[in-house]
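Reading through the structure tokens given below for one structure.
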Amino acid sequence: MIAYLVSSVGALLGLLLIARARASTGPARAAWLVGGSLSTGWTGVWVMHFIAMMGFRVSGTRVRYDLPLTSASAAFAIVVVGTGLSLAARGGEGPALAGAGLLTGLGIAGMHYLGMAAMNMNADVSYDPVIVALSVLIAVTAATAALRYARRTGPAAAVAGALILGVAVSGVHHTGMFAMRVRVRPAGGEPPGAEAIDLLPPVVVAISVVTFALLLAVLLAPGHAVPQAGPEPPARG
């Protein structure tokens, strides 16, 4: 439940930033898009996966995480999910929205399975391909629905889109975990890498700083400029 709430909050902030980008031009638009990608891809997608994995245990072996692969999964989510959101912000309905939803959904699913590949343990891991395909379908379908709401205006649409995107991330995670098959090896040394608890303090600090900074940017950014009236024409005598 905590993971889902964190995912929805990160997605909501990201959608608000994307909405700012749609109403902006030039460097300001690019800055809002980067902020939206960071909030959605990292906080909304990757952090949810990280929190959920904190409770993952395998009887008979310790679970550790490869730091480069774990970092790569976060970067992958930020870039791919952010690109999908950017396409949705500038595109229309129909094929453009479907393409953005497909890319966003694949980014969510790819992040999950890349993050799972970062696990080191004395066990052999395999996946049921049918259930994996189902998890990808859930990601793409829910992401497309979320982006459809994100294109509308108003806080209610942003909240609905964020909640649906949270369903996409949670759905991929739990379905993907259900597809996982683990066979513990009878003997083996200590697996390399870091434990999840070791990564918790820096992740909490980083997410707090980034989320606070992005939220502050949304709250303090000036409203959209109102066109100024031109000079009145001279009175005719």
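The values are calculated or read from the model by the stated rules, or taken from the named source; none is laboratory data. Given the structure is predicted, the values throughout are model-derived calculations rather than measurements. Ideal geometry is used to build each Cβ from the backbone, glycine not excepted, and the neighbour counts take in all protein chains shown. The protein model used for the area step is the full one, side chains on, heavy atoms only, and it has no ligands, DNA or RNA in it. Shrake-Rupley method; radii C 1.70, N 1.55, O 1.52, S 1.80 Å.
Listed here are the residues, each with its yes/no results for (1) within 21 Å of the chain's Cα centre (by Cα); (2) within 22 Å of residue 53 (Cβ to Cβ); (3) modelled with pLDDT of 85 or more.
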| site | (1), (2), (3) |
| --- | --- |
| 191 | no, yes, yes |
| 198 | no, yes, yes |
| 201 | yes, yes, yes |
| 212 | yes, no, yes |
| 224 | no, no, no |
| 228 | no, no, no |
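List every residue pair whose Cβ atoms lie under 7 Å apart, where the two residues are 6 or more positions apart in sequence or sit on different chains, the first residue falls within region 51-62 and is within 16 Å of residue 178 (Cα to Cα), and the second residue, located anywhere, is part of a strand (DSSP E or B) and modelled with pLDDT of 85 or more.
58/123; 58/182; 58/184
Please state which one of 127, 113 is open to solvent by 60 Å² or more (accessible area, probe 1.4 Å), of a type outside the set (Gly, Ala, Ser) and either within 14 Å of residue 176 (Cβ to Cβ) or in contact with a Cys (Cβ under 7 Å, 6 or more places away or on another chain) (or both).
Numbers: 113 fails: open to solvent by 60 Å² or more (accessible area, probe 1.4 Å).
Only one candidate qualifies: 127.
Open to solvent by 40 Å² or more (accessible area, probe 1.4 Å) and touching a helix residue (DSSP H, G or I) at 6+ places or on another chain (Cβ under 9 Å): does that describe residue 98?
On the way: open to solvent by 40 Å² or more (accessible area, probe 1.4 Å): yes; touching a helix residue (DSSP H, G or I) at 6+ places or on another chain (Cβ under 9 Å): yes.
So residue 98 passes the test.
Regarding residue 90, is this residue in contact with a strand residue (DSSP E or B) (Cβ under 6 Å, 6 or more places away or on another chain) and open to solvent by 20 Å² or more (accessible area, probe 1.4 Å)? Break it down stepwise before answering.
Working: in contact with a strand residue (DSSP E or B) (Cβ under 6 Å, 6 or more places away or on another chain): no; open to solvent by 20 Å² or more (accessible area, probe 1.4 Å): yes.
Judged against the criteria, residue 90 is not a match.
Would you check if residue 176 is at pLDDT 90 or above, among the small types (Gly, Ala, Ser) and buried (at least 19 other Cβ atoms within 10 Å of the Cβ)?
Here the answer is yes, as residue 176 does meet what is asked.
Which one of these does residue 135 not meet: (1) open to solvent by 10 Å² or more (accessible area, probe 1.4 Å); (2) over 19 Å from residue 97 (Cα atoms)?
Against the list (1) open to solvent by 10 Å² or more (accessible area, probe 1.4 Å); (2) over 19 Å from residue 97 (Cα atoms), residue 135 comes up short only on (1).
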